[in-house]
Amino acid sequence: MVIAVIFLTVAFIYWVRLFQLQILDNRYKIDAESNAIRNKVQYPGRGLIYDRNGEILVYNEAVYDLMIIPGQAKDIDWALLAELLEITEDGARERYKKARAYSRYAHSVFEKQISKEVYGKLQEYLYRFPGFYVQSRTLRRYPKPIAAHVLGDVGEVSEKEIASNPYYKMGDYIGKNGLEKYYEEQLRGHKGVKVVMVDVLNREKGSYKDGMFDTAAVSGQELYSTLDADLQEYAEELMRGKRGSIVAIEPATGEVLALVSAPTYDPNLLVGRIRSNNYAKLLGDEQKPLFNRALMAFYPPGSIFKLPQALIGMQEKVISPYSGFSCEKNLVGCHSHPDALCVADGVKMSCNPYFYQVFRRIIMRGKDPNRFVDSRLGLERWDTLMRSFGFATRLGIDLTDVKSGLIPNAAYYDRYYGRNQWAFSTIYSLSIGQGEIGLIPLQMANLASIMANRGYYITPHLVRAVGESRLNPGIDTARHYTAIDRRYFDPVVEGMYGAVHLPGGTARRAKIDSIVVCGKTGTSQNPHGKDHAVFIGFAPKDNPKIAISVFLENSGFGGTWAAPTASLLIEKYLTGKVSASRRWLEDQVKEFTVYTPENL
């Protein structure tokens, strides 16, 4: 009796399961009809990108991918298909072999990003190509050919990217660089699926089961960037034919107003079917337009480094705001000028011997009778204070591949010379921003922001808001204070004012009659050729609205070209135009080049 009950129970369970599978659950029926059912991925529109004033920087344009299911592709007229797609017949057959090798049953891209015109011709003959169908997609477009290094580009996912993230499938697109990469999850949205019925002539006959199994695509979120499109465009125009970078920041918020790496390129070159060829050309260009100098190239900062040297000297009480030093050129070379009688004078005239003496007092503190040990103690303290300026630190800007630069410390020199085998006389070139120091241009602009804010910076960032909420919770908006007391910034800022506006200042070509500019020039020594030109500054002096760094490779003294370039950008941003009385300067800056630019 017990055995009979067991058998009847098992039989009942099987009957219930068969009833469920055959009557209630139609998934197997759908699979059986797979030759008449097609799952079409619905790709979401990628989020648009705007500048700080609401101007569109990146939008989407419709294109089409021709998809293939190799197992269903039978008796194909390859010559006709190739003619419609404007490719060779051999190319068409090779694409089929590649898709078949990938999978006979999986959907894959046969020809990507075909134009509306080609799609129109193909649609008329699609019934003659079983196993083929068209999938709508979008491509990125850039109404202004600017900010390529900031915006980045979108390309097809690699096998490595597919393996690392199950969201992506073969043929999907992903942000490769810039904001497109950093904000990929916000921009990409979420894919949907539409299940359609297809007749024997490969024609779609509508939704399956009235869309019961469809899922809607969710568009990506919009990005509201901090860039000023007009300022960015003007900065790129001024940098044409030059190598280097410009970074402009709003000091009060840390918002990046412009970020230029020169030479640059039109971001539309890396869109669609032309992307691969153009990328290869850009990669092979000897001027290295793909290299983001603003974030990845670090240089000796030259005399702009005298600003934190002066601040540290006062903070450590080894000098006062009124300390003066004679211009002893036997200590270190310098240009001709009167002796600097105070910190402001030293900054204004950029006196090398002055800052040699300041740095020696910072390093040689008399804390140990052994000069090697004393130098080590002084450099370790100096290193701690320097790092509070964001040097030797990867600033948390919302872009990838950002370098941290280099501030050499005691351990660094130990590796080269041995412990207690170096002293101030070994490292004195640091006093004027030469030697082993390396800053990226973003850090130089951040130093300008610190000076503008009299002691703190907000992490530079490029996106102020994401999506409908208009919030970007991932951005650090806290004030990062240096280790320098607020009161010590005033004499240094006075020196920056004097450098631009007073006789004997090294940055007189940065002067704007209607705007009070504070600045500092620098000349970065280049052992491989002509020196590099540097300028950092901010304006207005009180309640600053813009802080800026300009770095021009192989351009000589910082006051000659870097300073006027910065002043033109400051005037453009604060007034909306360059005054007619300064058009001659604008023309000079545009005409100065270090190489002959060519368009692809």
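Read-outs throughout are calculated quantities, based only on the coordinates presented, and are distinct from any laboratory measurement. Note that the structure is a prediction, hence the values are computed from the model and not measured. All Cβ positions, even for glycine, are placed from backbone atoms using ideal geometry, and neighbour counts span all protein chains on display.
Okay, here's what the table says:
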{"item": "Interchain or long-range residues, amide H under 5 Å from Y64's placed H", "result": "Q113, I114, R137"}
{"item": "Selected from A499, G522, I475, residue furthest toward positive end of dipole (the stretch 462-564; charges at beta carbon)", "result": "A499"}
{"item": "Distant-in-sequence amide H partners of L257 (H built 1.01 Å from N, under 5 Å)", "result": "A248, I249, E250"}
{"item": "Sequence-distant residues sharing a close amide H with G435 (under 5 Å, placed H)", "result": "none"}
{"item": "Contour excess over end-to-end distance, with Cα ends at N370 and T575 and 0.36 nm allotted per residue", "result": "68.1 nm"}
{"item": "Dipole-positive endmost among G537, F489, N165 within the chain (Cβ charges, Cα centre)", "result": "F489"}
{"item": "Reported label for calculated Rg/Rh (Cα atoms, Kirkwood Rh) given (1) 1.28; (2) 1.14; (3) 1.46", "result": "(2)"}
{"item": "Cut-off 17 Å (backbone N to label point 7 Å along Cα→Cβ of E83), residues of the stretch 90-123", "result": "90-93, 118-123"}
{"item": "Segments 302-308, 50-56, 68-74 sorted - mean Cβ within 10 Å per residue, highest first", "result": "302-308, 68-74, 50-56"}
{"item": "Positive-end residue of T560, A465, Y417, charge dipole of the stretch 229-591 with Cβ unit charges", "result": "Y417"}
{"item": "Listed pairs K530/K572; K169/K194; K176/K209; K97/K288 exceeding 27 Å between Cα atoms", "result": "K530/K572; K176/K209; K97/K288"}
{"item": "Student exercise, the chain dipole from Lys, Arg, Asp, Glu Cβ charges, in Debye to nearest 20", "result": "900"}
{"item": "Formal net charge of residues neighbouring L442 (Cβ-Cβ distance under 11 Å; K, R +1; D, E -1)", "result": "+3"}
{"item": "N420/A252 FRET efficiency (R0 51 Å; Cβ-Cβ; nearest 0.05)", "result": "0.65"}
{"item": "Protection proxy ranking, peptides 422-431, 89-98, 481-490, average beta carbon neighbours within 10 Å, highest first", "result": "422-431, 481-490, 89-98"}
{"item": "Shape call, the stretch 430-560: gyration tensor on alpha carbons, a/c limit 1.5", "result": "prolate"}
